Amino acid sequence: MIEIKPIPDLPPQIIEASENKRLAIFIGAGLSRFVGCSSWSKLADNLLDKCESEGLINNFERTVLSQNGDFKKTITICNRLLENDDRFLDEMKASLNDDNVGRPNVDLSVYHALLSLNGLFITTNADRHIDQIFSPENILINGFNTSTTIDNNHLYKIHGSITDSDSLIFTVEGYLKRYTDPEYGKFLEAIFMKYTVLFLGYGLSEFELMDYLFTSISPTENKHFFLKDYFTHEQRICMFDQLYFDDLGINLIPYSKDTRGFKQLPAILESWVDEIKSKSLVPVVIYEDITDALERPDE
């Protein structure tokens, strides 16, 4: 039976990948909650409120749409109703806590912990908070193809950024266009063939990446991992989920959310960073230099 612990064991493959600069970290919406961003469900609710206040839907229609459980569908409908204008973008920015980017009340410690994992950073989040720890010229938000430079100095925002509305991937049309693009597929495939991948901050309902990997990327010997929260009594649920992810070549790393919920994640990252630093052949000073260089790219 799978053991679900508050601090899960760090797989040796992740330690080895970190040492060899072959660890790719995919950052999902769960991590953006630590910097004040809203969840997908909250964004959908906010957009429905906006549509109702604008007289584009009535209260009954709002209730029906809010109960469908498909946040991407709801966001797509609201985007069309609002005609993809500033009203939609304003709600997006509010949900992404954009007004507080760069302010001291936003704690970026979870991202600093990730830096110490010495990984390649790919995110499906559109907010600007993580941008602050990268040099602006090293943040890519569009045009992913076989010629795209892949290295640990860059941040790859594969669903776009709120800084460029044309780059955003939030609607069904956007997902279909992006994930049927052969050049984009080859870019992702290069990452999964070369790197050990760790998914952080994703929910089981966010299948765009997972299904894409299963149907479009060639099999690889690399191990890939998904850090996922469970209650400690959900061992069999975790086991069932692993049966699904076996077909995707992804190993679940379950952790207990009994005490702190999703707020347990920073404690896990801090523990893993300490373990990597203690076991890695890479001197601790290198990890510190990486953080300093990314925080002060112009020095």
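Computed from the coordinates by the stated procedures, all read-outs in this text should not be read as laboratory data. The structure presented is a predicted model; accordingly, all values stated were derived computationally and were not measured. Here the Cβ positions follow ideal geometry from the backbone for every residue, glycine too, while neighbour counts run over all protein chains shown.
Could you list, in sequence order, the residues of segment 149-164 that are over 10 Å from residue 125 (Cβ atoms) and among the polar types (S, T, N, Q)?
149, 152, 153, 163 - these are the residues of segment 149-164 that are over 10 Å from residue 125 (Cβ atoms) and among the polar types (S, T, N, Q).
Are any of the residues in segment 85-95 in a loop (DSSP other than H, G, I, E, B) and of a type outside the set (Asp, Glu)? Give the derivation first.
Within segment 85-95, the subset in a loop (DSSP other than H, G, I, E, B) is 85.
Narrowing the set further to residues that are of a type outside the set (Asp, Glu) leaves none.
No - not one qualifying residue is present in segment 85-95.
Hey, among 50, 93, which residue is in contact with a helix residue (DSSP H, G or I) (Cβ under 6 Å, 6 or more places away or on another chain) and basic (Lys, Arg)?
Values: 93 fails: in contact with a helix residue (DSSP H, G or I) (Cβ under 6 Å, 6 or more places away or on another chain).
One residue alone meets the criteria, 50.
I'd like to know if segment 127-135 contains one or more residues that are part of a helix (DSSP H, G or I) and free of Cβ contacts under 8 Å to residues at least 12 places away in the same chain. Spell out how you get there, then give the answer.
Restricting attention to segment 127-135, the residues satisfying the condition of being part of a helix (DSSP H, G or I) are 130-133.
When the remaining residues are screened for being free of Cβ contacts under 8 Å to residues at least 12 places away in the same chain, the result is none.
There is no residue in segment 127-135 that is part of a helix (DSSP H, G or I) and free of Cβ contacts under 8 Å to residues at least 12 places away in the same chain.
Search segment 91-106 for residues that are at negative phi and pair each with any residue that is surrounded by 11 or more Cβ atoms within 10 Å (Cβ to Cβ) and aromatic (Phe, Trp, Tyr) when their beta-carbon atoms are under 8 Å apart and the residues are at least 6 apart or on different chains.
92/170
Suppose we filter 90, 98, 164, 131 for residues that are surrounded by 16 or more Cβ atoms within 10 Å (Cβ to Cβ) and within 30 Å of residue 54 (Cβ to Cβ); which single one remains? Explain how you work it out, then say what you get.
Details: 90 fails: surrounded by 16 or more Cβ atoms within 10 Å (Cβ to Cβ); 164 fails: surrounded by 16 or more Cβ atoms within 10 Å (Cβ to Cβ); 131 fails: within 30 Å of residue 54 (Cβ to Cβ).
Going through 90, 98, 164, 131 in turn, the sole match is 98.
Within the group 105, 68, which residue is among the polar types (S, T, N, Q), closer than 30 Å to residue 269 by Cα, exposed (fewer than 14 other Cβ atoms within 10 Å of the Cβ) and over 18 Å from the mean Cα position of the chain (by Cα)?
105
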